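Following: one structure in structure tokens, then a few remarks.
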Amino acid sequence: MPTTTYSCRALIEAPAGDADVLVESWEVADDLGLTARSFTLQAAAAGQLQVGNDVEIETGYDANRLTVIRGRIATADQTVTPTAVRFAINGQDLGIASVLEAPITFLWEARPPSVLPRAHTIVREAAAQVGVTIGTLAFPDYPLYTSYVATQRSLSAIVQELLEPWNQFASVQHVPIVRDRVLSVLRVDWANPPSTGYTVPLARQGSHRLGQRAY
């Protein structure tokens, strides 16, 4: 599969007092079909790069810095060779745990029956319960025909269920994404790209990645 590589210089802010951490390379990936960005760090020492800790990666210099990802470490693996010890640190966007794991129990009641709960209202109120901000919701704000009950369900499961009626055809898909604890739903129309855009067959879509080695 053809790939496109973007190169850049970047700065990773070291935690205060954590001078023993040496990050040798990093990669931030936006893979098609994944809800959140992911990152990988290769380091010569672990220091504060422990599971559950937060990481912020920025590109550029001084006032032109751009934050690539605010993430949380999910795994930290150590590899020992005869000549060195290396650490592989992996994680995802800071908000993904709230979207995928935090349980929600709530009733959106139709009362009176003529006043029905609406899809966007359910998503916004469910997100507020797990501390996630809502960005763009590019799917119809349709009324449900009855009350909506969520029992120990994740925000991701609720959103996917509400999107199901609008994802019946492969040519138009509504995709939830999480960026910096902001949940959005994007509408992807494969058959009708914008006039300023271009068409890439779905089978040739892979991922967008940013990466840097120590310099």
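The values are calculated or read from the model by the stated rules, or taken from the named source; none is laboratory data. Every value quoted in this text rests on a predicted model; they were computed, and no experiment measured them. Every residue, glycine as well, gets a Cβ built from its backbone with ideal geometry; the counts of neighbours run over all protein chains shown. Keep in mind that these areas ignore ligands, DNA and RNA; they rest on the heavy atoms of the full protein, side chains included. Shrake-Rupley method; radii C 1.70, N 1.55, O 1.52, S 1.80 Å.
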Condition first: within 20 Å of Ala36 (Cα to Cα), at pLDDT 65 or above, open to solvent by 40 Å² or more (accessible area, probe 1.4 Å) and not basic (Lys, Arg). Now tell me which residues in the stretch 174-215 satisfy that. Val175, Asp180, Val182, Leu186, Val188
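What about Asp77, is it of a type in the set (D, E, K, R), farther than 23 Å from Leu183 by Cβ and at pLDDT 85 or above?
Numbers: of a type in the set (D, E, K, R): yes; farther than 23 Å from Leu183 by Cβ: yes; at pLDDT 85 or above: yes.
Considered against the rule, which asks whether it is of a type in the set (D, E, K, R), farther than 23 Å from Leu183 by Cβ and at pLDDT 85 or above, Asp77 comes out as yes.
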Please go through the stretch 147-156 and pick out each residue that is surrounded by 14 or more Cβ atoms within 10 Å (Cβ to Cβ) and among the hydrophobic types (A, V, I, L, M, F, W, C). Ala150, Leu155
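Yes/no matrix, rows are residues, columns are (1) in a strand (DSSP E or B); (2) of a type in the set (Asp, Glu); (3) modelled with pLDDT under 85; (4) within 17 Å of Thr35 (Cβ to Cβ):
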| residue | (1), (2), (3), (4) |
| --- | --- |
| Phe87 | yes, no, no, no |
| Gly91 | yes, no, no, yes |
| Ala97 | no, no, yes, yes |
| Ser114 | no, no, yes, no |
| Ile122 | no, no, no, no |
| Ala127 | no, no, no, yes |
| Gly131 | no, no, no, yes |
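Can you name the residue in the stretch 134-146 that is open to solvent by less than 40 Å² (accessible area, probe 1.4 Å) and assigned to a loop (DSSP other than H, G, I, E, B) and, of all such residues, is farthest from Val182 (Cα to Cα)? Walk me through how you get there before you give the answer.
Start the filter on the stretch 134-146 by keeping residues that are open to solvent by less than 40 Å² (accessible area, probe 1.4 Å), which leaves 134-135, 137-139, 144.
Checking the rest, the ones that are also assigned to a loop (DSSP other than H, G, I, E, B) come to 138-139, 144.
Working: Ala138: 14, Phe139: 16, Leu144: 24 Å.
Taking the candidates together, the pick is Leu144.
Filtering the stretch 53-62 down to residues that are part of a loop (DSSP other than H, G, I, E, B) and either in contact with an Asp or Glu (Cβ under 9 Å, 6 or more places away or on another chain) or modelled with pLDDT under 85 (or both), which residue is nearest to Gly91 (Cα to Cα)? Give the derivation first.
Filtering the stretch 53-62 down to residues part of a loop (DSSP other than H, G, I, E, B) leaves 53, 60-61.
Next cut, either in contact with an Asp or Glu (Cβ under 9 Å, 6 or more places away or on another chain) or modelled with pLDDT under 85 (or both) only: 60-61.
On the way: Gly60: 22, Tyr61: 24 Å.
Once the filter is applied, the top-ranked residue is Gly60.
Are any residues in the stretch 97-116 hydroxyl-bearing (Ser, Thr, Tyr) and open to solvent by 60 Å² or more (accessible area, probe 1.4 Å), and if so, which ones? Full working, then the answer.
If we filter the stretch 97-116 for residues that are hydroxyl-bearing (Ser, Thr, Tyr), which is where we start, we get 98, 105, 114.
Within the stretch 97-116, Thr105, Ser114 qualify.
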Candidate set: the stretch 157-173, residues that are modelled with pLDDT under 90 and surrounded by 14 or more Cβ atoms within 10 Å (Cβ to Cβ); chosen: the one farthest from Phe106 (Cα to Cα): Val172
Scan (1) touching an Asp or Glu at 6+ places or on another chain (Cβ under 7 Å); (2) surrounded by fewer than 16 Cβ atoms within 10 Å (Cβ to Cβ) for the single condition Ala119 breaks and write down its number. (2)
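Taking the stretch 122-133, which residues are farther than 16 Å from Ala97 by Cα and open to solvent by less than 30 Å² (accessible area, probe 1.4 Å)? First the steps, then the outcome.
Let us first name the residues in the stretch 122-133 that are farther than 16 Å from Ala97 by Cα, namely 122-125.
Selection gives Ile122, Val123.
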Meets criteria (in contact with a Pro (Cβ under 7 Å, 6 or more places away or on another chain), β-branched (Val, Ile, Thr), assigned to a strand (DSSP E or B) and under 21 Å from Leu100 (Cα atoms)) for Val159: no
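Pick from the stretch 76-96 the residues that are crowded, with 19+ Cβ neighbours inside 10 Å and of a type in the set (A, V, I, L, M): which of them is farthest from Thr40 (Cα to Cα)?
Taking the stretch 76-96 and keeping what is crowded, with 19+ Cβ neighbours inside 10 Å, we get 87, 89, 91-96.
Still in the running and of a type in the set (A, V, I, L, M): 89, 94, 96.
Working: Ile89: 6, Leu94: 14, Ile96: 16 Å.
Top of the filtered list is Ile96.
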What tally of residues in the stretch 63-74 results from selecting those that are open to solvent by less than 30 Å² (accessible area, probe 1.4 Å) and at pLDDT 80 or above? 3
